[in-house]
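So the structure is just underneath, and the comments pick up after that.
The values are calculated or read from the model by the stated rules, or taken from the named source; none is laboratory data. In this text, all values refer to a predicted model and were calculated from it rather than measured experimentally. Heads up, the Cβs are rebuilt from the backbone with ideal geometry, glycines too, and the neighbour counts pull from every protein chain shown. We work out accessible area using only protein heavy atoms, side chains counted, and drop any ligands, DNA or RNA first. Shrake-Rupley method; radii C 1.70, N 1.55, O 1.52, S 1.80 Å.
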Amino acid sequence: MLIKMDVTNAAQIENARYLIEDLVRDKGLNLLINNAGVYIRQSFPDTTEENMLLHFTTNTVAPVMVLKAMFPLLQQAASYTVGMNVCVSKAAVLNISSFGGSFQYKPNNFGREKLLGFSSQISKAALNMAMKNIARTVEGQDILIVNMCPGWVKTDMGRNAAELEVPESVSAMMNTLSLLNQSHHGAFIDRYGETIPY
């Protein structure tokens, strides 16, 4: 079942929650993947208020609001699977982030081209901090929260200059997802599960 949802629209988020709730019933929602995002290139000093607000609204505020709406369903899943260790099969939130949101880590290929993602990087740093705080807030509720960078992928956002094909990135993330546990709660990792510094 496909559910269309504009993550910046509160009414659509709420409608999606009702549809998901009807689908999963008392079992709850096991895995929420926050992967919607925007990347519109502007660097400082050319960046505009509109550009910054668009990125912050879509890349930071929206994932928090989606998680807030789906949180009761994740709690249901955690309660439904009592005795199961914390993992993506129990109750988990995967937030698709970016190494560009790290204050410390910049890979070897991080050149001036990446600085065009000024607003995107700021919004991803804010997403990382928001989810880190939420992870601390829900500690002990058996809901795993993780931020993951998929790498630089050839999508509409990454464009053809990117290093990775979509299947390469997705397969690595799927392999890593199956290995996540309580030790990854609140972590910021790459597609292989390696820690990225905040």
Of the residues in segment 1-26 that are basic (Lys, Arg) and modelled with pLDDT under 95, the one that is surrounded by the fewest Cβ atoms within 10 Å (Cβ to Cβ) is Lys4
Within segment 37-56, is there a residue that is in contact with a strand residue (DSSP E or B) (Cβ under 9 Å, 6 or more places away or on another chain), open to solvent by 90 Å² or more (accessible area, probe 1.4 Å) and either touching a residue at least 40 places away in the same chain (Cβ under 8 Å) or over 20 Å from Phe118 (Cβ atoms) (or both)? yes
Those residues of segment 78-105 which are assigned to a helix (DSSP H, G or I) and open to solvent by 20 Å² or more (accessible area, probe 1.4 Å) amount to Ser79, Tyr80, Phe99
Confirm whether Ala130 is at pLDDT 95 or above and under 18 Å from the mean Cα position of the chain (by Cα). yes
Filter segment 154-163 for residues that are of a type outside the set (A, V, I, L, M) and under 22 Å from Phe188 (Cα atoms); the one that is modelled with the lowest pLDDT is Gly158
For segment 187-198, pairs from a residue that is exposed (fewer than 12 other Cβ atoms within 10 Å of the Cβ) to a residue that is of a type in the set (A, V, I, L, M, F, W, C) and assigned to a loop (DSSP other than H, G, I, E, B), with Cβ under 9 Å and 6 or more apart or across chains, are Thr195/Ala187; Pro197/Phe103
Of the residues in segment 58-77, those that are over 18 Å from the mean Cα position of the chain (by Cα) and crowded, with 21+ Cβ neighbours inside 10 Å number 1
Filtering segment 21-49 for residues that are over 14 Å from Ile122 (Cα atoms), more than 19 Å from the chain's Cα centre (by Cα) and either in a helix (DSSP H, G or I) or hydrophobic (A, V, I, L, M, F, W, C) (or both) leaves a count of 7
Restricted to segment 133-153 and to residues being surrounded by fewer than 23 Cβ atoms within 10 Å (Cβ to Cβ) and part of a strand (DSSP E or B), the residue modelled with the highest pLDDT is Val146
Every listed condition ((1) within 25 Å of Ser183 (Cα to Cα); (2) more than 15 Å from the chain's Cα centre (by Cα); (3) aliphatic (A, V, I, L, M); (4) modelled with pLDDT of 95 or more) holds for Val82 save (4)
With the first residue restricted to segment 146-173 and required to be under 20 Å from Asn59 (Cβ atoms), and the second required to be β-branched (Val, Ile, Thr) and modelled with pLDDT under 75, Cβ contacts under 7 Å at 6 or more apart or on different chains are Val166/Thr155
